[in-house]
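Peer 1: The structure's right below; bear with me while I get my questions together.
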Amino acid sequence: MDGRIALIEAGGTKFIVGVGDTSRRIHARTRIDTTRPEETIPAAIDWLRRQGSDYSAVGIASFGPLDLDPTSSGWGHITRTTKRHWSDADVAGPFGRAFDCPVAIDTDVNGAALAEWLWGAGQDTNASLYLTVGTGIGGGAVVGGRLIHGVGHPEMGHIRMPRHPADGGFAGICPFHGDCLEGLASGPAITARWGASLSELPSGHEGHRIIAWYLAQAAATFQAILEPARIILGGGVMSAPGLLDRVRTEAAAASGGYFAGKAEEIIVAPALGDDAGLLGALALTRIGGNLHRIPASRA
Ligand code: ZN
């Protein structure tokens, strides 16, 4: 796959649209507010057309949940979402038809996981896992050069958690499960308990210990299931000073020896910076099996 590639980072509040190439360069980008599919998607297509029309592929890293079953007529659609106007929206189809080229689409976190494996902190490993800890928690894993999918994409943020002994009074904020990982350790879960982000809390505050403990339990769980060479922790919550080191220390304690002496090597920060979203979209187009042609008949 050579030439210019149309890139879309489809988020719940904004679409970042760009033009990239196979050398990993991003040539142009713009930001479009996420309103309704019938406004946002044509605006993205218009902008891409103004940059030229000779695209060899389209890469889309999107908010979810997404239908990623290539045999499904709903492939490339958002499925049931709490985001107004976007349930059942076809995200991949309009781009594939507008530029008459194959489309690769996956979740934003899977895009980031693949980009980190190709070019970032997971480079030169056979297996790496990426977890973003922010407004929500999501994860993606690459094993043997492929993103892991079951019948859908993983929902690693919704694993069930043991309770920290000092955190028993908090119900958790996940609308589906209450106290899953996202319900206990996402940014909004931190604010709901302590009225501030971890970065705003004093370094001696118990919140640092408790959140590090939950992320360490999660890391130990993922390690037991997949044994990835890297567990890459990104997202806004991870910018809290000292959190990554606290997670490593807690993980070494939580894993019964699996992380012993290796926590610094396995649990790491992302290596890709501000362009991570668009690079995720680009990475999706670099793996041949991800690319699909949109049938012209599907309106
Ligand atoms: Zn949940």
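Peer 1: Looking at ILE225, ILE190, ILE231, which is the one that is more than 16 Å from the ligand (Cβ to nearest atom) and open to solvent by less than 20 Å² (accessible area, probe 1.4 Å)?
Peer 2: From the options ILE225, ILE190, ILE231, the qualifying one is ILE231.
Peer 1: Which condition from (1) loosely packed, with under 15 Cβ neighbours inside 10 Å; (2) within 16 Å of the ligand (Cβ to nearest atom); (3) among the hydroxyl-bearing types (Ser, Thr, Tyr) is the one that SER203 breaks?
Peer 2: If we test SER203 against (1) loosely packed, with under 15 Cβ neighbours inside 10 Å; (2) within 16 Å of the ligand (Cβ to nearest atom); (3) among the hydroxyl-bearing types (Ser, Thr, Tyr), just (2) comes out false.
Peer 1: Filter region 147-168 for residues that are among the aliphatic types (A, V, I, L, M), within 13 Å of the ligand (Cβ to nearest atom) and either in a loop (DSSP other than H, G, I, E, B) or touching a His at 6+ places or on another chain (Cβ under 9 Å) (or both) and give the result.
Peer 2: ILE159, MET161
Peer 1: Kindly indicate whether any position in region 210-220 is surrounded by fewer than 18 Cβ atoms within 10 Å (Cβ to Cβ) and either more than 15 Å from the ligand (Cβ to nearest atom) or of a type in the set (A, V, I, L, M, F, W, C) (or both).
Peer 2: No; the residues of region 210-220 include none that is surrounded by fewer than 18 Cβ atoms within 10 Å (Cβ to Cβ) and either more than 15 Å from the ligand (Cβ to nearest atom) or of a type in the set (A, V, I, L, M, F, W, C) (or both).
Peer 1: Please report, ordered by residue number, the strands (runs of 3 or more DSSP E) entirely within region 1-109 with at least 1 residues that are within 20 Å of HIS292 (Cα to Cα).
Peer 2: 4-10, 14-21, 55-62, 103-107
Peer 1: Moving to a separate point now. Taking region 124-142 only, how many residues are in contact (Cβ under 8 Å) with a residue 60 or more places away in the chain and open to solvent by 60 Å² or more (accessible area, probe 1.4 Å)?
Peer 2: The number of residues fulfilling the criteria is 2.
Peer 1: Okay, next question. Any chance you could count how many residues in region 69-81 are open to solvent by 30 Å² or more (accessible area, probe 1.4 Å) and not hydroxyl-bearing (Ser, Thr, Tyr)?
Peer 2: Summing the residues that are open to solvent by 30 Å² or more (accessible area, probe 1.4 Å) and not hydroxyl-bearing (Ser, Thr, Tyr) in region 69-81 gives 4.
Peer 1: Would you tally the residues in region 8-34 being of a type outside the set (D, E, K, R) and open to solvent by 60 Å² or more (accessible area, probe 1.4 Å)?
Peer 2: Matching residues across region 8-34 total 3.
Peer 1: Next up: Scanning region 169-182 for residues that are free of Cβ contacts under 8 Å to residues at least 24 places away in the same chain and either acidic (Asp, Glu) or near the ligand (Cβ under 6 Å from one of its atoms) (or both), which turns out surrounded by the most Cβ atoms within 10 Å (Cβ to Cβ)?
Peer 2: Among them, the one singled out is CYS180.
The values are calculated or read from the model by the stated rules, or taken from the named source; none is laboratory data. This structure is a prediction, so every number in the text was calculated from the model and none was measured. No Cβ is skipped: glycine too gets one built from the backbone with ideal geometry, and neighbour counts run over all protein chains shown. Quick note on the areas: whole protein, heavy atoms, side chains included, nothing else; ligands and nucleic acids left out. Shrake-Rupley method; radii C 1.70, N 1.55, O 1.52, S 1.80 Å.
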